[in-house]
1. Evaluate the distance, in nm, between pseudo-label points positioned 7 Å from the Cα of ALA95 and of GLU56 along their respective Cα→Cβ axes.
2. With θ set to phi - 60° and the Karplus curve 6.51 cos²θ - 1.76 cosθ + 1.60, what are the ³J(HN,Hα) couplings of segment 2-7 in order, to the nearest whole Hz, using x for Gly and Pro?
3. Please list the non-local residues whose amide H lies under 5 Å from the amide H of LYS86, H modeled 1.01 Å from N, same-chain partners needing a gap of 5 or more.
4. What shape does segment 56-118 have by the C-alpha gyration tensor, where a ≥ b ≥ c are the square roots of the eigenvalues, rounded means a/c under 1.5, and otherwise prolate means a/b greater than b/c and oblate the rest?
5. Can you grab the distance from the C-alpha centre of segment 82-101 to the C-alpha centre of segment 58-75, Å, no decimals?
6. Determine ³J(HN,Hα), in whole Hz, for all residues of segment 18-28 in sequence, where each value follows from phi through the Karplus function 6.51 cos²θ - 1.76 cosθ + 1.60 and θ = phi - 60°; x replaces Gly and Pro.
Amino acid sequence: MDPERFRKSLLDERERLSSTIEHLHVANSSSFEDETEEETFDNHLADSATATLDREIDYTLEENADNLLRAIDQALERIENGTYGKCELRGQEIALERLEAIPHATRCIDCQRLAERG
Ligand SMILES: [Zn+2]
């Protein structure tokens, strides 16, 4: 498994997120008048919010985007220090399909499912 193949998608995702966060900061600090301008708004984060965009959703998105940005930064660090693609809990390799879907994943699917089950 070559972690380098994920570096670019992580960096791309990071760039998209940064502009989304920037947009959210702008949206939160200005009036609603210009919120019809969705062109610069990232699709997959914005889809659920476009019709009913309000401040509460904005703040939630911003929080999620901030968390995601941190997760991406950590994934990039793991590429640097050679631990990328290893489950943070049990240390086994995370399935390639999972990393392709979620390049910043820190757990294998088994641990993630256990965590979600609580
Ligand atoms: Zn695991």
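1. According to this spin-label approximation, the distance is 3.6 nm.
2. Whole-Hz 3J(HN,Hα) from phi for segment 2-7: 9, x, 4, 5, 8, 4.
3. Hits under the 5 Å cutoff: ILE94.
4. Details: a/c = 2.35, a/b = 1.40, b/c = 1.68.
Taking the square roots of the gyration eigenvalues as a ≥ b ≥ c, segment 56-118 is oblate.
5. Segment 82-101 and segment 58-75 have Cα centres spaced 20 Å from each other.
6. Residue by residue, segment 18-28 yields 4, 6, 5, 4, 4, 4, 5, 4, 5, 4, 6 Hz.
Where a number appears in this text, it was derived from the coordinates with a stated rule and is not lab data. This structure is a prediction, so every number in the text was calculated from the model and none was measured. Using ideal geometry, Cβ is built from the backbone for each residue, glycine included, and neighbour counts are taken over all protein chains shown.
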